[in-house]
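The values are calculated or read from the model by the stated rules, or taken from the named source; none is laboratory data. Keep in mind the model is a prediction, meaning the values are calculated, not measured. Positions of Cβ are backbone-derived with ideal geometry, glycine not excepted, and every protein chain shown enters the neighbour counts. Just the protein is used for accessible areas: all its heavy atoms, side chains included, with ligands, DNA and RNA removed. Shrake-Rupley method; radii C 1.70, N 1.55, O 1.52, S 1.80 Å.
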Amino acid sequence: MAGFSCSLQYDQYQTILLGLMMMMTALSLGSFSCVCRAQDPSQLSLDYYSKTCPDAQKVVRTEMECAVKENPRNAAAILRLHFHDCFVQGCDGSILLDDTATLKGEKTASQNANSLIGFDLVDRIKNQLESQCPGTVSCADLLAIAARDATLLLGGPYWDVPVGRKDAKSTSLELADADIPTPDQGLIAQMTKFLEKGLSVTDLVALVGAHTVGMARCASFRGRIYGGFELTSGLGPASEALLGKLRETCPASGGDGNVAAMDYVTPYLFDNAFYESLVAGDGLLGSDQELYSSLVGFETADLVKTYASDAIAFFEQFSESMVKMGNITNPEAGEVRKMCRFVNT
Ligand code: HEM
């Protein structure tokens with residue numbers, strides 16, 4: 001990392017958390033690294049930028065390190081952006097486009113509005129990439145690499161990220177509304193949405209494990225804690241104490257933007273505690289609890305139990321499934337955007 005410094009300097013950061021992250025990072029580098037290959041029919045490769053922008057990965061990593069030191073939630077934000085990017089037209093940076101007079105972006109879709117964060121961080125990383133190698137590294141690749149770094153920096157696994165994606169020149173608000181899963185959806189609907197993207201039930205259970213980090217807004221879990229949820233209706237988290245705390249954070253009406261951690265044990269450590277909370281019946285999102293509690297979820301419940309008891313199995317599958325999700329490509333001809341928020345003129 002020599003020679004690279006943050007584009008922003010931060011006065012303070014949480015030393016203890018950092019120490020923990022470093023330790024977990026070292027552990028994950030040592031034990032869980034996987035050389036995952038791009039899958040057909042994608043044109044992606046590991047050395048796509050080796051001649052044109054050899055330091056691309058270092059630039060992204062440096063900015064991510066700074067941002068995560070500043071606030072670990074930044075890691076969660078980027079991980080989610082990559083998911084919401086890949087599920088609409090493929091991983092093509094379409095999620096990053098702002099609305100303009102001639103283009104309606106995806107940011108106002110039901111699962112994105114008032115919810116997605118991290119766009120400023122993407123701009124920061126892109127600025128650094130543009131100053132190193134102008135017009136070379138796509139915003140879609142930026143997100144894929146940054147999502148891997150986000151995982152690693154919170155103590156999760158490392159994987160090699162195949163690159164070579166192009167950025168979309170168009171977006172689809174309709175597809176964003178239709179294809180991104182919602183927190184009040186039952187298991188069948190979740191599985192269907194993943195299968196439509198070529199992702200298996202195993203991919204679903206492993207990828208949702210990303211909820212081991214980050215926060216959800218009251219609007220996303222009110223149905224779960226006051227009833228009205230499709231299948232686990234009215235159950236709420238099994239723990240009365242947790243339920244009480246969540247209801248304090250999230251009143252029956254109002255307070256839509258108040259947040260709670262999806263993994264209340266270790267909200268900013270990428271570990272398998274999220275699955276343990278599902279086994280305990282304490283999932284925050286109704287959709288998450290469905291993976292374990294749905295009446296039709298034999299296979300998913302088994303996977304949840306496996307990951308709850310075996311962090312390495314989770315890490316390996318998560319890495320593999322992230323590469324698979326990252327390989328969902330947009331068949332339309334694309335470009336390398338100069339600014340992630342706008343198509344090139
Ligand atoms: C069935 C699938 C999924 C559903 C229904 C779902 C739903 C949600 C919801 C409702 C939130 C909270 C948003 C808010 O209240 O503002 C959230 C947050 C999050 N999701 Fe998912 N998600 C799913 C899959 C995934 C996947 C595959 C990933 C990444 C690989 C992911 C990563 C995240 C992260 C990291 C956060 C926290 C973001 C933050 O703290 O800002 N999710 N998700």
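Measuring nothing but how far apart in sequence close Cα pairs (under 8 Å, 6+ apart) lie, relative to its length, the chain scores a relative contact order of 24 percent. For the stretch 187-322, the normalised intensity computed at q = 0.16 Å⁻¹ comes to -0.78 (log10 of I(q)/I(0), Debye sum over alpha carbons, equal scatterers, no solvent). Over all other residues within a Cβ to Cβ distance under 15 Å of Cys340, the charged ones net out to -3, with Lys and Arg as +1 and Asp and Glu as -1.
Electrostatic tally near Gly283: other residues with Cβ closer than 9 Å to its Cβ, Lys and Arg +1, Asp and Glu -1, net -2. In the elastic network of the chain, a GNM with C-alpha springs shorter than 10 Å, the most mobile of Glu316, Glu240, Glu290 is Glu240.
The 3J(HN,Hα) values that the Karplus relation (6.51, -1.76, 1.60; θ = phi - 60°) gives for the stretch 112-129 are, in residue order, 9, 4, 6, 9, 5, 10, x, 5, 5, 5, 4, 4, 4, 5, 4, 4, 5, 5 Hz. Gly and Pro appear as x.
Here the calculated FRET efficiency for Arg247 and Asp177, from their Cβ-Cβ distance with R0 = 41 Å, stands at 0.90, rounded to the nearest 0.05. The accessible area of Phe342, taken with all protein chains in place and a 1.4 Å probe, comes to roughly 80 Å². Computed on the stretch 187-322, with alpha-carbon pairs under 8 angstrom and 6+ residues apart, the relative contact order is 30 percent.
Computed over every Cα-Cα pair of the chain and binned at 10 Å starting from 0, the pair-distance distribution P(r) comes out as 6, 26, 36, 25, 8, 1 percent.
Ligands, DNA and RNA excluded, the heavy atoms of Tyr307 present near 10 Å² of accessible surface to a 1.4 Å solvent probe. Exceedance of the 24 Å cut-off in Cα-Cα distance is limited, within the set Lys51/Lys126; Lys245/Lys305; Lys193/Lys245; Lys126/Lys193; Lys107/Lys338; Lys69/Lys126, to Lys245/Lys305; Lys193/Lys245; Lys126/Lys193. Per-residue surface analysis assigns Thr329 an accessible area of about 60 Å², computed on protein heavy atoms at 1.4 Å probe radius. Ordered from highest to lowest accessible area with the whole protein assembly present and a 1.4 Å probe, Val296, Val137, Val201 read as Val296, Val201, Val137.
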